[in-house]
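Each remark here refers to the structure printed beneath this line.
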Amino acid sequence: MRIRLGIDSGQEADRSGAVGTLGEQPVGRALLWALVVALAAMAVWRLCEAAFGQTVEGGEKWSRRLGSLGMAVFYAVICVGVVQTALVGGSSGGRPGDETSKEYTARVLDWPGGRVIVGVFGVVLIVVGVVILVRSLIRKFEKNLRTDEMSPATRRVVAILGIVGGAACGVVAAGAGPSVLLAAVRYDPSQAKGLDETLRSFAATPAGPALLIAAAVGLLLFGLYSFCGARWRKAAEHGTPAEQPTGAAGPGTRPDAPWQEELIRRRGTPTISRQNSPSATAPMMPSTIAGMTTVPHPCPSER
């Protein structure tokens, strides 16, 4: 918003600027250390997802695990940067994101095959941005939320936050990709842009003011959506898979005990979920009267 209004406060419109603003507050040092703890927790959480799989449908896929590993590294890097700022104090410990982007790009370009690596990274940024944008517009994020616990009004609000906020993040991420790709093509690390320079480049376009306002509002809404994700995100509890709420049964319902699994293997007898039956997890045996199959009932000898 400051870029849009032409106010140059000397702060970067990225993570370093945000951290610097926090550090300048009266209780800035405490806020920074609280942020360090939160970012470390995020990194550990994503690392656990990479190791054990996400607690959502399809969370065991290698692509999701790889994504979680990337996010773990992302949060760990940010955490280290905030620690440096907290140790120095105030906003003097942060480095401009654009300067860091150019420095890292220059280092990678000097590696064998560095141009290819930088170019691939630029393409990945574009693809990731487009994927985030599309997934937000089709409301894929709702699969990771316990929407059944929300009121209709709350669900509508969360949907708006997720759609607009996610779309803004996708546009910003995709907008940073071409500059990285251009740095690889021209072998010029100065072409690489961080978040601050990417946003400032929006101002130079014909739709610049509108784009900047949309980006500012969208990123703010994504921050609010993140609070909703912390409140309602699905997580497995007491061994119950997150993608199948407690009380729901279906063809993929897991047996409730090892003996039941063995019984299924030997006899091929269907079972019911403990949550759906007051008679626990007994195998079901059909009763036959005059050649007619009646409603199955628990077999007492095998209960």
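The values are calculated or read from the model by the stated rules, or taken from the named source; none is laboratory data. Since the model is a prediction, treat every value here as computed from it, not as a measurement. Because the Cβ atoms are built from the backbone with ideal geometry, glycine has one as well, and the counts that use them run over all protein chains shown. Ligands, DNA and RNA are excluded from the accessible area calculation, which covers all protein heavy atoms including side chains. Shrake-Rupley method; radii C 1.70, N 1.55, O 1.52, S 1.80 Å.
Just a few scattered comments:
- Shown for the range 14-66: the carbon plus sulfur share of the solvent-accessible area, taken with all protein chains present and a 1.4 angstrom probe, equals 70%.
- Heavy-atom accessible surface of the range 112-218: percent carbon and sulfur, 1.4 Å: 72
- Solvent exposure, largest accessible area first (probe 1.4 Å, DNA, RNA and ligands not counted), of 180, 131: 131, 180
- These residues, 33, 111, go from largest to smallest accessible area, 1.4 Å probe, as 111, 33.
- The string of couplings for the range 66-74 from the Karplus curve (6.51, -1.76, 1.60, θ = phi - 60°) is 5, x, 5, 5, x, 5, 4, 5, 4 Hz, one whole number per residue in order, with x for Gly and Pro.
- Here the extension length gained between residue 138 and residue 182 equals 12.8 nm, from 0.36 nm per residue of separation less the Cα-Cα distance.
- Backbone amide hydrogens, once placed in the peptide plane, bring residue 145 within less than 5 Å of 234, excluding anything fewer than 5 places away on its chain.
- Heavy-atom accessible area ranking, 1.4 Å probe, most first, across 222, 141: 222, 141
- With the simple spin-label model, which puts each label point 7 Å out from Cα in the Cβ direction, the residue 21 to residue 226 separation comes to 1.2 nm.
- Average projection area in nm² (convex hull over Cα atoms of the range 147-226, one quarter of hull surface): 6.4
- At R0 = 35 Å, FRET efficiency that the Cβ-Cβ distance of residue 41 and residue 201 yields, to 0.05: 0.55
- Accessible surface, the range 131-188, averaged per residue in Å² (probe 1.4 Å): 51
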